[in-house]
Amino acid sequence: MTILGHLDQHPGLNPPDFSAVVTSVNDNSIELDKTFFYPMGGGQPADRGSMISESFECNIADIRKKGAVLHQFESSKGTVNVGDQIDCSIDHIWRNKLSKMHTAQHLISALANEEWGANTVGNQIGFEKTRIDLEFENRDRFDRQYLEQLVNDTINQNLLVSMDFRPSGELLDNPLVRVNMARMPPNIDIWRTISIGDLDVCPCAGTHVPNTGMIPEIEISRVKSKGAGRLRVEYLLKEQ
Ligand SMILES: [Zn+2]
């Protein structure tokens, strides 16, 4: 059975430090017996952070999941060996901002779908700004200011953001699932699923905040054409 998602993420802001055992070291990459770092995926950049042991310290510059989770390090001092106990810290400023940006992306995608039937066909979560590509039947109906207001009103409703695991059948029958399940990888049986109030249900492996009230209000900073029927919407978080 294949399960979507990196299962061990802390669900809120400020993910705690953790300790792990090094299971593999190759070039500038470490594997651990467990990890709470988020690897790049789903349009969200990898976590950053640091690791320290009795004989070694480094910054974590990137994390990729290729079967195993590979923690790519830089600025290292000392030596690291398989079997070493190592203390790991996730960069809170980086992670918290991306979790807020990512949760805002769910809101924007859901509300654009609700209002105009728009489908999200791409997104790139960023620290300074995030972009979402939306595909419309009639993009002339899109109203940038109205969407911004809808999103900010929803943020201020303090909707709960919850996570659970669901089989494909449950998602196919749920009208709050706005992604096209036919476009999702066919080999997944169980989906890590993010629900936001009664607004949205979405299979997703990324990091989120547990309540929409933790997201600052957004500002749609740019809207541009991305070809027939498509618009690219870029947004910022107004306060940090
Ligand atoms: Zn997500």
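FYI, it's all coordinate maths here, none of it is from the lab. It should be emphasised that the depicted structure is a prediction, and the values quoted were computed from it without experimental measurement. Glycine gets a Cβ as well: all are built from the backbone with ideal geometry, and neighbour counts include every protein chain shown.
Tell me which residues, restricted to the stretch 226-240, are without any contact (Cβ under 8 Å) to a residue 24 or more places away in the chain and either within 13 Å of the ligand (Cβ to nearest atom) or over 22 Å from Asp143 (Cα atoms) (or both). Listed by number, the list holds a single entry, Glu239. Of all residues in the stretch 69-86, those satisfying the criterion of being surrounded by 14 or more Cβ atoms within 10 Å (Cβ to Cβ) and either of a type outside the set (Phe, Trp, Tyr) or within 16 Å of the ligand (Cβ to nearest atom) (or both) are Val69, Leu70, His71, Gln72, Ser76, Val80, Asp84, Ile86.
Somewhere in the stretch 134-150, is a residue under 12 Å from the mean Cα position of the chain (by Cα) and among the hydroxyl-bearing types (Ser, Thr, Tyr)? No, there is no match, as no residue in the stretch 134-150 is under 12 Å from the mean Cα position of the chain (by Cα) and among the hydroxyl-bearing types (Ser, Thr, Tyr). Residues that are basic (Lys, Arg) and surrounded by 18 or more Cβ atoms within 10 Å (Cβ to Cβ) occur at least once in the stretch 129-149.
If you go through the stretch 168-207 and keep only what is of a type in the set (Gly, Ala, Ser) and more than 30 Å from Ile93 (Cα to Cα), you end up with Ser168, Gly169, Ala182. Picking from residues in the stretch 36-57 that are farther than 16 Å from Trp94 by Cβ and more than 16 Å from the ligand (Cβ to nearest atom), the one that is surrounded by the fewest Cβ atoms within 10 Å (Cβ to Cβ) is Glu54. In the stretch 204-225, the residue that is farthest from Asp153 (Cα to Cα) out of those that are more than 16 Å from the ligand (Cβ to nearest atom) and hydroxyl-bearing (Ser, Thr, Tyr) is Ser225. Of the residues in the stretch 104-120, none is in a strand (DSSP E or B) and surrounded by fewer than 18 Cβ atoms within 10 Å (Cβ to Cβ). Of the residues Ile108, Ile155, only one is β-branched (Val, Ile, Thr), touching a residue at least 60 places away in the same chain (Cβ under 8 Å), in contact with a strand residue (DSSP E or B) (Cβ under 9 Å, 6 or more places away or on another chain) and away from the ligand (no atom under 15 Å from the Cβ); which? The match here is Ile155. Scanning the stretch 194-223 for residues that are farther than 19 Å from Gly42 by Cβ, out of contact with any helix residue (DSSP H, G or I) (no Cβ under 8 Å at 6 or more places or on another chain) and of a type in the set (Gly, Ala, Ser) turns up just one, Ser221.
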